[in-house]
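Chemist: I'd like to ask you about the structure that follows.
The values are calculated or read from the model by the stated rules, or taken from the named source; none is laboratory data. Note that this is a predicted model, so its numbers are computed, not measured. No Cβ is skipped: glycine too gets one built from the backbone with ideal geometry, and neighbour counts run over all protein chains shown.
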Amino acid sequence: MTADELKEQIKNGEKMRLVDVRSEEAFAKGDTIPGSENIPADSFLKEAAEGKVSKDEKIVVFCQGGKSCSAVANQLHGEGYNIEHIEGGLNAYN
C-alpha cells in the first residue's frame, strides 16, 4: 500500500495492527507512525511461526525504506496472513 493510502485508512478509523519492523534502536529514536508497535523483522517472523500472530487481523508492517517490511509482508502473505507493507517505508510516509 502507499503511504497516502495508509494515511487515509488511519484517518477513516480502519482497524489495523501497525508494526514497525525496524530494530529497537531505530524505533527508540521516536521517528515512527503513531500507534505502531515495534517488533523487529526477525522477531515478528518468529512470532508468526509460533502462531502468536493472528491471520484474521489486518496487519501493516513498515521499516525505514521499504525493503525489510516488503520481505516480511511477502513471506507472511504467502502463509495466509492479512498483511501489507508501506511502499517506501517511513521515508515515504514522512
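Chemist: Please go through (1) within 12 Å of the chain's Cα centre (by Cα); (2) within 20 Å of Leu6 (Cβ to Cβ) for Leu45 and return the number of the only condition it doesn't satisfy.
Modeler: (2)
Chemist: I would also like to ask the following. Which residues, counting only those in the stretch 44-74, are touching a Phe, Trp or Tyr at 6+ places or on another chain (Cβ under 8 Å) and either at pLDDT below 95 or not aliphatic (A, V, I, L, M) (or both)?
Modeler: Lys55, Phe62, Cys69
Chemist: Filter the stretch 23-61 for residues that are among the hydroxyl-bearing types (Ser, Thr, Tyr) and closer than 24 Å to Lys11 by Cα; which is surrounded by the fewest Cβ atoms within 10 Å (Cβ to Cβ)?
Modeler: Per the stated criteria, the residue is Ser54.
Chemist: For Glu87, all conditions in the list (1) among the acidic types (Asp, Glu); (2) within 21 Å of Lys15 (Cα to Cα); (3) without any contact (Cβ under 8 Å) to a residue 60 or more places away in the chain hold save one; what is the number of the exception?
Modeler: Of (1) among the acidic types (Asp, Glu); (2) within 21 Å of Lys15 (Cα to Cα); (3) without any contact (Cβ under 8 Å) to a residue 60 or more places away in the chain, only one is false for Glu87: (3).
Chemist: Collect the residues in the stretch 32-45 that are free of Cβ contacts under 8 Å to residues at least 40 places away in the same chain and over 13 Å from Glu79 (Cβ atoms), keeping them in residue-number order. Steps first, answer last, please.
Modeler: From the stretch 32-45, those free of Cβ contacts under 8 Å to residues at least 40 places away in the same chain are 34-45; that's our starting set.
Within the stretch 32-45, Pro34, Gly35, Ser36, Glu37, Asn38, Ile39, Pro40, Ala41, Asp42, Ser43 qualify.
Chemist: Separate question: Quick check, is Ser36 hydroxyl-bearing (Ser, Thr, Tyr) and either within 19 Å of Gly88 (Cα to Cα) or touching a Pro at 6+ places or on another chain (Cβ under 7 Å) (or both)?
Modeler: Yes.
Chemist: Hey, among the residues in the stretch 75-94 that are modelled with pLDDT of 95 or more and surrounded by fewer than 12 Cβ atoms within 10 Å (Cβ to Cβ), which one's nearest to Arg17 (Cα to Cα)?
Modeler: Out of the qualifying residues, it is Gly80.
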